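Written below as structure tokens is the structure these notes are about.
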Amino acid sequence: MNDPAGTGRRQRHELWMRRALEVAVTGDVAPSGGVAAGPAAAGDAVEAEPGQSGDVPVGAVLYGPDGRELAVGRNERELTGDPTAHAEVLALRRAAQRLGRWRLDGCTLVVTLEPCTMCAGALVLARVTTVVFGAWEPKTGAAGSLWDVLRDRRLNHRPEVYGGVLETENAAVLRAFFR
């Protein structure tokens, strides 16, 4: 059956995932797409050359309801010494600061690796509407692998979830890092 809406969504998710991969690989956390980043905020990490921080290369990009890039994040736990500095959490923090509100309804988070329980919980609490992820994470994944926090019926908010987008490319980046 022909599904133009699904095809368009898949193409958009793949395009956005390529941006998240760019963030993961290059460490480029400056927003793209003609959206001004604004002044650096207190607590924003100083950008390091890729591979120098020792952080697992995971990239996240948060898109607004209009499809414009609002914020990006890359794992910065090693760089900052902050155990909560996962790519998703940093993107959520930066978007909330930029928008001046914690509710991110209508937004889509695209991340190269399946969110862990902390990140999945943050996504639910931020009311993110859609989560798109690349590689599955069987050891800590909380979007269907080990747990399914994002679709847990007991929670008051459940985002739409699309997993395995550009899975091969995302997994290759992670495998190369751990070699």
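The values are calculated or read from the model by the stated rules, or taken from the named source; none is laboratory data. Source: prediction; values computed, not measured. Don't worry about glycine lacking a Cβ; one is built from the backbone with ideal geometry, like all the others, and counts go over all protein chains shown. What goes into the accessible areas is simple: the full protein's heavy atoms, side chains included, and nothing from ligands, DNA or RNA. Shrake-Rupley method; radii C 1.70, N 1.55, O 1.52, S 1.80 Å.
For every residue, the table says whether it meets (1) part of a loop (DSSP other than H, G, I, E, B); (2) surrounded by fewer than 20 Cβ atoms within 10 Å (Cβ to Cβ).
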| position | (1), (2) |
| --- | --- |
| Val128 | yes, no |
| Lys139 | yes, yes |
| Ser145 | yes, yes |
| Leu150 | no, no |
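Report whether or not Val110 is touching a Lys or Arg at 6+ places or on another chain (Cβ under 9 Å), open to solvent by less than 10 Å² (accessible area, probe 1.4 Å) and part of a helix (DSSP H, G or I).
Here the answer is no, as Val110 does not meet what is asked.
Can you work out which of the residues in the range 152-179 that are in contact with a Phe, Trp or Tyr (Cβ under 9 Å, 6 or more places away or on another chain) and not aliphatic (A, V, I, L, M) is least open to solvent (accessible area, probe 1.4 Å)?
Only one residue fits best here, namely Asn170.
Could you list, in sequence order, all residues of the range 57-73 that are open to solvent by less than 20 Å² (accessible area, probe 1.4 Å) and under 12 Å from the mean Cα position of the chain (by Cα)?
Pro57, Val58, Gly59, Ala60, Val61, Leu62, Tyr63, Glu69, Ala71, Val72, Gly73 - these are the residues of the range 57-73 that are open to solvent by less than 20 Å² (accessible area, probe 1.4 Å) and under 12 Å from the mean Cα position of the chain (by Cα).
What are the residue pairs meeting all of these: first residue in the range 136-149, first residue modelled with pLDDT of 95 or more, second residue hydrophobic (A, V, I, L, M, F, W, C) and open to solvent by 40 Å² or more (accessible area, probe 1.4 Å), Cβ atoms under 8 Å, and 6 or more apart or on different chains?
Listed pairs, sorted by first residue: Glu137/Leu146; Pro138/Leu146; Lys139/Leu146; Thr140/Leu146; Gly141/Trp147; Gly144/Trp136; Ser145/Trp136; Val149/Leu155.
Out of the range 57-86, which residues are in contact with a helix residue (DSSP H, G or I) (Cβ under 6 Å, 6 or more places away or on another chain) and either at positive phi or among the β-branched types (Val, Ile, Thr) (or both)?
Within the range 57-86, Val58, Val61, Val72 qualify.
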